[in-house]
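The values are calculated or read from the model by the stated rules, or taken from the named source; none is laboratory data. Keep in mind it's a predicted model, so treat the numbers as computed, not measured. Because the Cβ atoms are built from the backbone with ideal geometry, glycine has one as well, and the counts that use them run over all protein chains shown.
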């Protein structure tokens, strides 16, 4: 896990993100086929909405950080709120510059450890953050569908015979399935613990040289199991419910970036339809192999949002959308990480693991 946090690897990912994003934008610019319209559009941008987008970008930090803090305070006394806020934002930064967002969880754990949160607590908070994300989309999506939101998308788009509304429902079903699995993990943690312990034991017998790593892994499983048991209580489920609600705040920049970018270029459209389209794009980008979906995101957004944005305006819309979605966070995260490098990185594997003190009884509010 520490290897994912080396400056060399992150710098390489940052470089790929920049180049791929630039290539994707240039492709959209060529598709727009009207360079003059792009520059004229820059002069007429509604900059107030661009500033709204800058505020939205902070959702990764404050929304994502506060939901981690809500879980952490159930597992240990007085976790650092600043540490969880930094973890939320730096996780988004690492996700944007690593393939398949693979650096998000290690960076989240690393950032929390820098602020004194034990590894086992940080790992459990990271898992619960993912649970909250899946839970939010798995619950909010069907509610929107049942309320009739987005029905107008049923006549828009045609990919392999499917409308944009069909694609939204399909991607939503994937998150719903993952949500069901995570509920099983939460309700029956001992079952999952026993399965993982058996697999680890089998691996240790077949690979004797891995015995030390397997032992550490088994100890980690036991610690995580104890934390899940702590959360499998009325107070714990209340914290998980709040974490799920806060996931909506954490992902506000992803869900609202499209609408804000449209308003920035002077286009007024149905808010709910755009929200569902941005949810669809968010779902699909979770599986993008490039860092932060760079290159793919620009092309995908162009293909989906062309139903609302004139061809000549698409490059400007895409530029503002990408700023809100990733560039603000990547720029600020890069400054924070460079500061950490100057201060001296503390490797995860080298840091002592303090034993968490579970919060029980009436210590602190739920």
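State yes or no: is residue 105 under 16 Å from the mean Cα position of the chain (by Cα), at pLDDT below 95, in a helix (DSSP H, G or I) and surrounded by 21 or more Cβ atoms within 10 Å (Cβ to Cβ)? Considered against the rule, which asks whether it is under 16 Å from the mean Cα position of the chain (by Cα), at pLDDT below 95, in a helix (DSSP H, G or I) and surrounded by 21 or more Cβ atoms within 10 Å (Cβ to Cβ), residue 105 comes out as no. Among residues of segment 319-352 being surrounded by 16 or more Cβ atoms within 10 Å (Cβ to Cβ) and over 20 Å from the mean Cα position of the chain (by Cα), the one that is modelled with the lowest pLDDT is 348. Scanning segment 257-265 finds one or more residues that are part of a loop (DSSP other than H, G, I, E, B) and at pLDDT 95 or above.
Which residues, taken from segment 24-45, are within 28 Å of the chain's Cα centre (by Cα) and farther than 19 Å from residue 100 by Cβ? Within segment 24-45, 25, 26, 27, 28, 29 meet the criteria.
Filtered by the rule that a residue be without any contact (Cβ under 8 Å) to a residue 40 or more places away in the chain, surrounded by fewer than 23 Cβ atoms within 10 Å (Cβ to Cβ) and part of a helix (DSSP H, G or I), segment 70-95 gives 81, 82, 83, 85.
Evaluating residue 79 against the criteria (1) modelled with pLDDT of 95 or more; (2) under 20 Å from the mean Cα position of the chain (by Cα) leaves one unmet condition, (2). One residue stands out in segment 289-303 among those that are under 22 Å from the mean Cα position of the chain (by Cα) and surrounded by fewer than 23 Cβ atoms within 10 Å (Cβ to Cβ): the one that is farthest from residue 34 (Cα to Cα), namely 289. A single member of 319, 323 is in contact (Cβ under 8 Å) with a residue 12 or more places away in the chain, assigned to a helix (DSSP H, G or I), over 24 Å from residue 108 (Cβ atoms) and in contact with a helix residue (DSSP H, G or I) (Cβ under 7 Å, 6 or more places away or on another chain), and it is 319. No other residue among 13, 27, 32 is out of contact with any helix residue (DSSP H, G or I) (no Cβ under 6 Å at 6 or more places or on another chain), surrounded by 16 or more Cβ atoms within 10 Å (Cβ to Cβ) and farther than 17 Å from residue 324 by Cα apart from 27.
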